[in-house]
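The values are calculated or read from the model by the stated rules, or taken from the named source; none is laboratory data. Note that the structure is a prediction, hence the values are computed from the model and not measured. Ideal geometry is used to build each Cβ from the backbone, glycine not excepted, and the neighbour counts take in all protein chains shown. Just so you know, the surface numbers come from the protein's heavy atoms only, side chains and all, with ligands and any DNA or RNA stripped out. Shrake-Rupley method; radii C 1.70, N 1.55, O 1.52, S 1.80 Å.
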Amino acid sequence: MTASSSVAPWLARWEAEMGPVARRHLADSLDWWREELMSDDSPFTWWWGTEAEERAAWHEVKRWLAGQARAT
């Protein structure tokens, strides 16, 4: 398990902090996760939970990122 059982609170916080530093971190994360975004492979090697929870969290991040792309 992680600090929370969902990535939603972390994504909401990130979204609320969309200044230049947060946008740079988002761009860096997209660069870092580029290959994983094209597949279903989760980059969350640190996830402490079940494999199903890890996959669900990764899909949640991917949906959020897609929404961010549409918003810009």
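Could you give log10 I(q)/I(0) at q = 0.16, 0.17, 0.27 Å⁻¹ for the chain, computed by the Debye formula over C-alpha point scatterers of equal weight, without solvent? Debye curve over Cα of the chain, log10 I(q)/I(0) at q = 0.16, 0.17, 0.27 Å⁻¹: -0.57, -0.65, -1.45. Taking the 1.4 Å solvent-accessible surface of segment 1-66 as the whole, the part contributed by carbon and sulfur is 59%. Peptides 34-41, 53-60, 22-29 ordered by packing proxy, namely the average of other Cβ atoms within 10 Å per residue, highest first: 53-60, 22-29, 34-41.
Taking Cα atoms only, the orientation of helix 20-32 departs from the longest principal axis of the chain by about 50 degrees. Against the chain, whose longest principal axis is taken from its Cα atoms, helix 51-71 shows a tilt of about 10°. Considering helices alone, the calculated mean residue ellipticity of the chain at 222 nm is -20000 deg cm²/dmol, with DSSP H runs of length four and up weighted by -39500 (n - 2.57) and normalised per residue. Note on Asp40 and Arg63: the extension gain reaches 7.0 nm, defined as 0.36 nm multiplied by sequence separation minus the Cα-Cα distance.
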